[in-house]
Structure formats: structure tokens, C-alpha cells
1. If I ask for residues that are at pLDDT below 95 and among the polar types (S, T, N, Q), which ones from the stretch 26-67 would you list?
2. Could you give me the residue pairs with C-beta distances under 7 Å whose first residue belongs to the stretch 125-147 and is more than 10 Å from C172 (Cα to Cα), whose second residue is in a helix (DSSP H, G or I) and of a type in the set (D, E) wherever it lies, and which are 6+ apart or on separate chains?
3. If you take the residues in the stretch 182-217 that are modelled with pLDDT of 95 or more and in contact with a Lys or Arg (Cβ under 7 Å, 6 or more places away or on another chain), which one is least open to solvent (accessible area, probe 1.4 Å)?
4. Would you tally the residues in the stretch 68-79 being open to solvent by 40 Å² or more (accessible area, probe 1.4 Å) and either part of a strand (DSSP E or B) or not aliphatic (A, V, I, L, M) (or both)?
5. Within the stretch 98-147, track down each residue that is in contact with a Ser or Thr (Cβ under 6 Å, 6 or more places away or on another chain) and small (G, A, S).
6. If only one of T93, T88 is within 30 Å of T145 (Cβ to Cβ), touching a helix residue (DSSP H, G or I) at 6+ places or on another chain (Cβ under 8 Å) and open to solvent by 20 Å² or more (accessible area, probe 1.4 Å), which one is it?
7. Can you pull out the residues in the stretch 48-63 that are surrounded by fewer than 14 Cβ atoms within 10 Å (Cβ to Cβ) and part of a helix (DSSP H, G or I)?
8. Mind checking which residues of the stretch 1-33 are closer than 17 Å to G79 by Cβ and open to solvent by 10 Å² or more (accessible area, probe 1.4 Å)?
Amino acid sequence: MKDYFGYKDKVCVVTGASSGMGKATVEMLVDLGAICYAVDLNDCNIEGLRESFRCDLSNQKEIDMLFAKLPEHIDCFFGVAGLSGAKTDYITTFNCNFTANKYITDNYLVKRMSKGSSIVFVTSTAGLNWKEFRKEQDKIVHSKTWEEAVKLIEPLAKISPATFAYMYSKRCLSQYACEEAVNLGKIGIRVNNVMPGSTDTGMKDEFEKMAGGKEALLAETGVANRLATSEEMAFPIVFLGSNMASFISGVDLCVDSADNALKILGLKKDREKVSATNKFILKMAKKMMEKNK
């Protein structure tokens, strides 16, 4: 059988690889013959890995130490790691979800990738409204350094619940992915963005709490009326990084069983069509969350 996906002997790096959709992605890549390097804060016990590295992606120095160990050439990068903000502070959440991916791409991937390479970021349906709120994201997305990005979000961290860092970081990463698809496309590197809907992963309890309970989370599952499996998210992630998607770049692939379609058709209210930086909204949200603790 012809190798349509083209992963055999390609060097792939996957973050967030110890569980959920990151683990499912690694398992598929290994099955397809990739030389796979797994990155996570926890140990990755997956048969067939070339190597596994522990790394706190919210920490710039740890990322630098990580890339000192990774191969000098990388064919495919999958930025799957993410934090909900339910158990972490605003800055840690934002840095893991956005700043790390931007820093890795700007400082390492652009130097270690060549024509035909691929980057797949995993954001969230929480990032769907990035186009409408682009002005809120521009300064962060175009920040030159890690320190500049942190400085820009510090005022928000003081007044906002950390869960708002989730939405804001996913919007920033979605915009960044779109812009980099154009910038890196000039040297033959594809960049795409997968936007998962509600999924049954290790963070399910956190997202249930953020949504307002189990039934509220299920209400975000489109026409499926169930949570997606990690494998159902890994399928499109692996596809976009493969040769099967060789002419696809700059795409926001919404994987949500038509939940966004319901919103577009006016059959459902979009609860996330709200500013992620408006001080009044952030303060009200923080008070509400503190009251419901």
C-alpha cells in the first residue's frame, strides 16, 4: 500500500504528549512510521517513541533546554499542549497556550524546518472569534520577545480570572497561526490550526466546571450530544501535518460536530463572543467566579 500520509522516518515533535489528544496523536504518528519526540510536563510512556522530554512550556528557560536536546532538523511540529486556567494562574496559562508556541516557532522552528515541513497548532473553539477581536490580540501576536508578551498580559492577570487567559491565548494563537501560514509559506512551511470542541480528556472536569456543569458542557457538543474522544481530535491533527494536506495551509479547522454551524445559523447563542481584555467584563467575571467558589 502506498504511504499517502508520508510520515515514515519524518522527525515529529508533539507537545502535551502524555495524555488526551496529544498522546493519541503520538500513537498514530508512531504507527505511521514517524520518528517521534514527545514533550510534556509529565512522563510519556508510549511504545515506539524515539525519546520523551519533560518540559514546563510556560518557562522560557526550560524550552531553551528542551531544544538543545531535540534534533537540528524537524519535519513536523504539533503544538497540542494547553492549560484551561482552572488550576493555574493567568500568566502560566497564557504562556503555555500561546507564548510558548510563538517563541518555539520564531526562535527554533523557522531555523530547523525546511520546504515541505509542517506546523499544526491546537487551539480551541474558544478561539473562533479571533477575527472579530483582532485588535485585542495584535500587540501580543506581534510582540518581539517572551518578556514583551508577558509584560503586555501582566495588567490583565491582575484583574482577570485565569480561565479568561484560556480564551484570550487561544484567540492569539489562532491569529498567529493564520499570519505565520503566510509568512512561513514563503519558504515552503505549512501552518494550520485545529480548533477542538468539547473532548473527553484529562481536563474534562476542569472544562465542566468552567462551563457550569456536565450538562452545560454537553450543550457545547453540537449535534453529537456527546464529548469527542481524544482519537477523534488526533485524526484531523495528524491529517493536517501529513502529505495528504500538502496544499492546505492557513486553515482554522473547527472540529466540533457542527456546534459552530449552529451558531452561524442563529440556532444557538455564542457565549464566547465577548471581549477578553475589557476591564469591566474581566472584573465582573472575576467577582462572579469568586462568588461561585
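The values are calculated or read from the model by the stated rules, or taken from the named source; none is laboratory data. In this text, all values refer to a predicted model and were calculated from it rather than measured experimentally. Cβ atoms come from the backbone with ideal geometry, glycine included; neighbour counts cover every protein chain shown. The accessibility values were calculated without ligands, DNA or RNA, using every heavy atom of the protein model including side chains. Shrake-Rupley method; radii C 1.70, N 1.55, O 1.52, S 1.80 Å.
1. Once the filter is applied, which keeps residues that are at pLDDT below 95 and among the polar types (S, T, N, Q), the stretch 26-67 yields N42, N45.
2. Pairs that qualify, where the first residue is more than 10 Å from C172 (Cα to Cα) and the partner is in a helix (DSSP H, G or I) and of a type in the set (D, E), are T125/D259.
3. Checked the stretch 182-217; the qualifying residue least open to solvent (accessible area, probe 1.4 Å) is G188.
4. 3
5. G127
6. From the options T93, T88, the qualifying one is T88.
7. K61
8. K10, V11, G16, S18, S19, G20, M21, K23, M28
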